[in-house]
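Working notes, structure below.
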Amino acid sequence: MSKKSPSSDDFLKQAYAMKDDQSKLEFYKKWADEYDDQMQDNLGYRSPQILSRVLVSYLDNKFVPLLDVGCGTGLTAHCLTVLGCTLIDGIDYSQQMIAVARSKEIYNKLLMADLNKPIDIPDNQYGALICTGTFTHGHVGPQPITELIRITKPNGFLACTVHRDLWKSAGFEQTFGTLESSGRLKKLYLKKNVFFKDGEREGWFCVYQKIV
């Protein structure tokens, strides 16, 4: 990994130390304008590129409506557009991050919402959902997954990254396993990979298909 500036060390420490809603909002308010530089240039963030390529490999039609969950400043949506996807909406908890995402003009629409609460989106709206960097330290647990499945079209896809430290301990493995055994989801892809360039394989990259 390339040499990090002092602010990058501070950035990661704060990101992994978030414990409550207020600390999350303060973190993203402070770092929104520098987020892309910190994640891409200083830290070599690779999850959006990796997961976008995996998801698109399962799409028969790149023009299905997509939802970028925890979209932040739009790093993942940018990767999707490079791969030919154009019908992308975004949802995030931070007003400041959404403002940066909106300035890039790559989303059809953006919604500010708390993923730990019901999402104001009708059932069966999106052909695919993608979520990078949200299921990690200091963010949200597996509770939103059933709500995300609700707004996914039948036979649509849910692609996400989950930090390796949380896969079992926070209940992601159990949640996805229960949804599989009940016939609601089908596992298509589950592999560990790196989050940052030249780093360790920090998390699971997942693609599930909604059955019912």
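Tabulated data
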read-out	value
Placed amide H near residue 157: partners under 5 Å, 5+ positions off or other chain	128, 129, 210
Stretch in the chain that is longest and holds no GluC sites (Glu not before Pro) that DSSP places in a loop and that have at most 15 other beta carbons within 10 Å	1-104
Karplus 3J(HN,Hα) series, Hz, for region 170-175 with 6.51 cos²θ - 1.76 cosθ + 1.60 (x for Gly, Pro)	8, x, 5, 4, 5, 4
Cα-centre dipole for region 46-210 with unit charges at Cβ (Lys and Arg positive, Asp and Glu negative), debye to 20	400
Residue among 45, 189, 93 with the largest mean-square fluctuation in a Gaussian network model of the chain, springs linking Cα atoms under 10 Å	189
Counting DSSP beta bridges with both ends in the chain, the antiparallel % (nearest 5)	50
CD proxy at 222 nm, helix term only [per DSSP H run n ≥ 4: -39500 (n - 2.57); per residue of the chain; nearest 500]	-9500 deg cm²/dmol
Given 153/187; 62/153; 117/187; 104/153, the pairs whose alpha carbons are separated by over 19 Å	117/187; 104/153
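Values quoted throughout were computed directly from the atomic coordinates according to the rules given, and no laboratory measurement underlies them. Computed from a prediction, not measured in an experiment: that's the story for all the values here. Please note: Cβ atoms are built from the backbone with ideal geometry, for glycine as well, and neighbour counts cover all protein chains shown.
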